[in-house]
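Student: Pasting a structure here, questions to come.
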Amino acid sequence: MTEKPLIELKDIYKIYKMGEEEVRANDGISLSIQEGEFVAIVGKSGSGKSTLMNIIGALDVPTSGDYFLGGQDVSHMKDDQLAEIRNKMIGFIFQQYNLLPRLNLLENVELPLLYAGLGNAERRERAMESLARVGLAEKWKNMPNQLSGGQQQRVSIARALAGNPSLILADEPTGALDSKTSRSVLDFLKKLNQEGNTIVMITHDNSIAMEARRVVRISDGKINFDGDVKEYAGII
């Protein structure tokens, strides 16, 4: 018997009204992702991938359909319940890093642990361990503006890892970086996946999607490809 997937989306619709028009941003999406996978969700602007990311990340709920994360039904939760799920189960990596400029690196990485209610000593220890994992422990006192873009993205990865999440959700994680720095960030995501972390990466770029092990392509709110990265390479 196979174990339950970490992420299970069943017939997900997200429908917006724009004047008289009905926009089906997600139009009947069903998708399962097992623990330990590295999946790229790829699609052009307006394809529905960002809407799907918001649902997977418990930032929004579907109009209809069911979403289970770690066996919990997230699809009908209230805002405060969603916030708790995000804090306990999901580590976010954003395109623009989203570091707070007035906090040093350690304080930035500590933030999700503060919201989770951890005590000072444990918070500091876990944040330092997380900075060490991305090779920035010695810079813990630095402010974000003292770092390069690639280093700032590594701090945001450290922050995502600090709470030991079930899922790492990376939204265009190399979008603000040059090609050399992008390469090092992607290599680091691969390393995290090899260590057992489940990663879902959202991108509009096929070459970035090819770094994952499985690709899910979205167009007009529907999945039109879901398969192994080698199979995807043959159709693009």
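The values are calculated or read from the model by the stated rules, or taken from the named source; none is laboratory data. Here the structure is a predicted model, which means the values were calculated and not measured. Virtual Cβ from ideal backbone geometry, glycine too; neighbours counted across all protein chains shown. Surface accessibility is based on the protein's heavy atoms, side chains included, excluding ligands, DNA and RNA. Shrake-Rupley method; radii C 1.70, N 1.55, O 1.52, S 1.80 Å.
Student: First measure r as the distance between the Cβ atoms of GLU138 and ALA176, then evaluate 1/(1 + (r/R0)^6) with R0 = 25 Å and state the FRET efficiency to the nearest 0.05.
Tutor: Values: r = 24 Å, r/R0 = 0.96.
The value I calculate is 0.55.
Student: Given the rule -39500 (n - 2.57) for each run of at least 4 DSSP H residues, summed and divided by the residues of the chain, what is its mean residue ellipticity at 222 nm, to the nearest 500 deg cm²/dmol?
Tutor: Taken over the chain, the calculation gives -10500 deg cm²/dmol.
Student: Within the chain, what whole-number % of the accessible surface is contributed by carbon and sulfur, with the 1.4 Å probe and all protein chains included in the calculation? Please report the intermediate quantities before stating the final value.
Tutor: Working: 5520 of 11740 Å².
Within the chain, the accessible surface is 47 percent carbon and sulfur.
Student: Now for a separate question. Hey, can you find the accessible area per residue of segment 24-137 for me, probe 1.4 Å, expressed in square angstrom?
Tutor: Values: 5350 Å² over 114 residues.
Ligands and nucleic acids excluded, the figure is 47 Å² per residue.
Student: Sorted by accessible area (1.4 Å probe), largest first, how do SER75, SER207 line up?
Tutor: Numbers: SER75 5, SER207 70 Å².
The most accessible residue leads, giving SER207, SER75.
Student: Anything over 28 Å Cα to Cα? Flag those among LYS4/LYS49; LYS14/LYS88; LYS78/LYS139; LYS180/LYS222, in the order listed.
Tutor: Numbers: LYS4/LYS49 24 Å; LYS14/LYS88 25 Å; LYS78/LYS139 39 Å; LYS180/LYS222 33 Å.
Going by Cα-Cα distance, LYS78/LYS139; LYS180/LYS222 fall outside the 28 Å limit.
Student: I would also like to ask the following. Taking 0.36 nm per intervening residue step and subtracting the Cα-Cα distance, what contour gain separates MET18 from ASP80 on full extension?
Tutor: On the way: separation 62, 0.36 × 62 = 22.32 nm, distance 2.73 nm.
Full-extension gain reported as 19.6 nm.
Student: What nm value, rounded to one decimal, do you get for the distance between ASN98 and GLU35 when each label is placed 7 Å out toward the C-beta?
Tutor: If labels sit at ASN98 and GLU35, their model points lie 2.5 nm apart.
Student: Shifting gears a bit: Loop by DSSP (not H, G, I, E, B), at most 13 other beta-carbon atoms within 10 Å: where is the longest site-free stretch of the chain for GluC sites (Glu not before Pro)? Numbers along the way, then the final one.
Tutor: Details: sites that count: GLU3, GLU20, GLU195.
So the longest stretch without any such site is 21-194.
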